[in-house]
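See below for the structure under consideration.
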Amino acid sequence: MPQTYTPEGQVAAVRDFEARIGRPLAFVHVFRQWADPFPRPSDLSFVQHGDTLLLSWNGIDTRTIAAGSQDDVIRRMAVAVKSLGAPIWIRWRWEMNRPNLRSLVWSPEDYVAAWRHIRAIFAAEHVTNAAWVWCPLASKWESDDGAAYYPGDDQVDWLCTDVYPADGQSFADVAAPFLNWAVARPQPVMIGEFGAPDVPGIDRAGWLTAAFAYIRSQPRIKALAYFEGSAGENSPDGFLLEPGTAAFDAFRGAAATPYFRAGLDGADVDSTKSGSAP
């Protein structure tokens, strides 16, 4: 986590984390609100350093997007992404199947219409350096009919899901329903967020060790990003990996293995073509 929420602080936090785990990250995950300026100085610093960005771009009311009232915002983002001049993943309105987002997402049909409207504007602006990542929440996949929100194979470059423990479940327990559905789709799979919360009753090191073992058994998973954040309003459970803890050692041990260094040791790391490591 950054010590200060400045561009310099954000970049320093990433470099410090890399130093702590003893290897570079294969990509850097950044979050932006709907109308936030992009790129920020920190985004440019990452790109200039050679990092690929995973941009989680928040959304607003899907019906206003599909109706066209947000076209200027979308077009501004499209031009900015194109001008970046580097490959980028865009994860628009992730976890759209979360119940607390229904007042913004409305229905699956509204979500799909908004997604397609955004993509059409990016296509009109000839944006070719962006790969589109569709990312529901795994724990709500079955109960909230996550598949109904899928925009279609022609609209999605990467399938994605966020995996967090639910009632003590393992990574495999939470992720399996989504991954079973994804088998029939042609795209590679990304884990957009995952983490073991620092709460009583969870063996964080054991949870992470089992998660990495399961991920290795799923060759469709080509990229994953740990949610390394402290407790806050939107994340009541802390997920920080503190040096000297068993959880940190489990993460660092997995990140050092050749399997999870794919894309760093001479492999192609173009975000539109290949996978990346944690």
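Condition first: surrounded by fewer than 21 Cβ atoms within 10 Å (Cβ to Cβ) and under 21 Å from PRO258 (Cα atoms). Can you find one or more residues in the range 33-50 that meet it? There is at least one residue in the range 33-50 that is surrounded by fewer than 21 Cβ atoms within 10 Å (Cβ to Cβ) and under 21 Å from PRO258 (Cα atoms).
Among the conditions (1) over 18 Å from the mean Cα position of the chain (by Cα); (2) of a type in the set (S, T, N, Q); (3) in a loop (DSSP other than H, G, I, E, B), the only one that SER230 does not satisfy is (1).
For the subset of the range 96-116 comprising residues that are more than 21 Å from the chain's Cα centre (by Cα) and in a helix (DSSP H, G or I), which member is farthest from ASP157 (Cα to Cα)? The qualifying residue farthest from ASP157 (Cα to Cα) is SER103.
Inspect the range 192-215 for any residue being part of a loop (DSSP other than H, G, I, E, B), in contact with a Gly (Cβ under 6 Å, 6 or more places away or on another chain) and among the acidic types (Asp, Glu) and give the result as yes or no.
Pass one, the range 192-215, residues part of a loop (DSSP other than H, G, I, E, B): 195-203.
Subset that is in contact with a Gly (Cβ under 6 Å, 6 or more places away or on another chain): 198.
Next, only the ones that are among the acidic types (Asp, Glu) stay: 198.
Within the range 192-215, one or more residues are part of a loop (DSSP other than H, G, I, E, B), in contact with a Gly (Cβ under 6 Å, 6 or more places away or on another chain) and among the acidic types (Asp, Glu).
On the stretch given as the range 143-171, residues that are in a loop (DSSP other than H, G, I, E, B) and surrounded by 14 or more Cβ atoms within 10 Å (Cβ to Cβ) total 10. Within the range 166-206, the set of residues being in contact with a helix residue (DSSP H, G or I) (Cβ under 7 Å, 6 or more places away or on another chain) and among the hydrophobic types (A, V, I, L, M, F, W, C) comprises ALA166, PHE171, ALA172, VAL174, ALA175, PHE178, TRP181, VAL189, PHE194, ALA196, ALA205.
Residue by residue, here is whether (1) among the hydrophobic types (A, V, I, L, M, F, W, C); (2) surrounded by 14 or more Cβ atoms within 10 Å (Cβ to Cβ); (3) touching a strand residue (DSSP E or B) at 6+ places or on another chain (Cβ under 9 Å) holds:
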| site | (1), (2), (3) |
| --- | --- |
| ILE74 | yes, yes, no |
| LEU84 | yes, yes, yes |
| PRO87 | no, yes, yes |
| PRO99 | no, no, no |
| LEU104 | yes, yes, no |
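A short reminder: the numbers here are calculations on the coordinates, not readings from a lab. Everything numeric in this text was worked out from a predicted model, so none of it was measured. Glycine also receives a Cβ, built like all others from the backbone with ideal geometry; neighbour counts cover every protein chain displayed.
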